[in-house]
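Participant: I'd like to ask you about the structure that follows.
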Amino acid sequence: MSAALKLNPQPNIKLIVQQGPHAGQRFSFSKNKISIGRSPENDIILVNDPLISRQHAYIEIVDNDVEIVNLSQKNPIVINNESINKWKLTSGTVFLIGGTEFLIQIENQQSVVVMKQPQASKKASVNLVKSPPLPQKPVISPANVVKKAPLPMYRTPQFSPPPQSQNLQNSSSKFKFYMFIGVVLALGLYLGLSDTGSKANKTKKSVLQYSDEIAFKINSKESQELLKKREIAAQSRQSIAYIRAEENFAKGMRAFQLNNFGMAMDHFQLTLVSLPDHVLAKRYLYLSRVRFDEVLKAKLDLGQSYYERNNFKLCMSMFQQAIDMLQSRDVLQGTPKNTNLQLAETMLKKCEFAAEGIR
């Protein structure tokens, strides 16, 4: 059997960002492999999403099937509310990478068609085999028949069964005997358990009376301390400082969810000024600093790569975004101003001079 494959044109892939920091962007490719991540070496670069890894995933065309493969061990890819490592994509599939939601559209995607050739008919040769002749039955004549002598007749011995009255009397006597033994054993067990239970109750009552008195005294002291603590906590919640701290924390969480990490740090610090023991404010202040540094470093690296590729418009855009981030951040937070801000300003001037033809 032989087969012929019908060749299909290469699919054209379009990616549309529906939700996330890069919402509204569109990407179109006709390559066999597309890489996605925050690093400048990728085909699709998503800098503003800190939940995406540097090398997060790639989309590859294998036998006219479009597959997506996850490269990140920390951040997943979600399709149909499930975390996947590898998946075959079709036109209209929605998948989530980090905090960015993509819609894929595939054009010119056709399946492989297999053309089968009919097989040549073969004539089967039939060999006729003669069956051997059947054996003939022997003819029985009356002379060959031997008469057998009749068997003697025997009578089976008959046994007379015992009378039923004797069996019933024996079974009733045994049943009464076993019932008597069972009743005696049950009474003995009941009396023994009742004695042990009464002794245990007496000992427990004698011990629990003393321990109950001590526990009551301890609980009374603890209950008084708990009441005092609750009264102090209720009074502090009604204070103006507590209300302002909660307002600043809510504003900081809103800014953190919108990826405005500089403003989030300012609000979390104001929360800790009013309430130094606010655990969530300390945690999200640390996370805001980490995310701010990651996004800032990614913008500086991307601007440098655009400068080396002679793409000066995007170079100026990246360094201007970095400058805006550093200027909006509060200088009193303890972060040095000179290193990153001066680097961004000098690289912005280089990109402007290079765009004008002076390099």
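The values are calculated or read from the model by the stated rules, or taken from the named source; none is laboratory data. Computed from a prediction, not measured in an experiment: that's the story for all the values here. Positions of Cβ are backbone-derived with ideal geometry, glycine not excepted, and every protein chain shown enters the neighbour counts. Only protein heavy atoms, including side chains, enter the accessible area calculation; ligands, DNA and RNA are left aside. Shrake-Rupley method; radii C 1.70, N 1.55, O 1.52, S 1.80 Å.
Participant: Note down the accessible area of LEU185, probe 1.4 Å, to the nearest 10 Å².
Facilitator: Looks like 110 Å² after rounding.
Participant: What is the extension gain from LYS229 to LYS313, computed as 0.36 nm multiplied by their sequence separation minus the C-alpha to C-alpha distance, in nm to one decimal?
Facilitator: 24.1 nm
Participant: Let me have the relative contact order for the range 236-286, percent, based on Cα pairs under 8 Å that are six or more residues apart.
Facilitator: 35
Participant: Work out how much length LEU272 to GLN25 would gain on full extension: take 0.36 nm times their residue separation and subtract the Cα-Cα distance, in nm to one decimal.
Facilitator: 85.1 nm
Participant: Still on this structure: Given a 1.4 Å probe and heavy atoms of the protein chains only, how would you sort VAL290, VAL295, largest accessible area at the top?
Facilitator: Largest accessible area first, the list is VAL290, VAL295.
Participant: Looking at the square roots a ≥ b ≥ c of the eigenvalues of the Cα gyration tensor of the range 54-102, which shape do they give, rounded for a/c under 1.5, prolate if a/b is larger than b/c, or oblate?
Facilitator: Here the range 54-102 falls in the oblate category.
Participant: Can you tell me the length gained on complete extension of the stretch LYS74 to ILE181, counting 0.36 nm per residue apart and subtracting the Cα distance?
Facilitator: Full extension of this stretch gives 31.2 nm more.
Participant: Another one. What does the charge count around LYS228 come to, taking other residues whose C-beta lies under 14 Å from its C-beta (Lys +1, Arg +1, Asp -1, Glu -1)?
Facilitator: Result for the local shell: 0.
Participant: Determine which aspartates and glutamates satisfy two conditions relative to LYS33: a Cα distance under 15 Å, and not lying fewer than 8 residues away in the same chain.
Facilitator: GLU41, ASP43, GLU60, ASP63, ASP65, GLU67
Participant: Then there is this: Please work out how much accessible surface LEU296 shows to a 1.4 Å probe, ignoring ligands, DNA and RNA, in Å² rounded to 10.
Facilitator: 10
Participant: Let me ask you something else. Go through LYS228/LYS251; LYS221/LYS282; LYS299/LYS349; LYS86/LYS282 and tell me which ones have a Cα-Cα distance over 26 Å in this structure.
Facilitator: LYS228/LYS251; LYS221/LYS282; LYS86/LYS282
Participant: Check the straight Cα-Cα distances from LYS350 and name the aspartates and glutamates below 14 Å, setting aside those fewer than 8 residues away within the same chain.
Facilitator: Partners found: GLU308.
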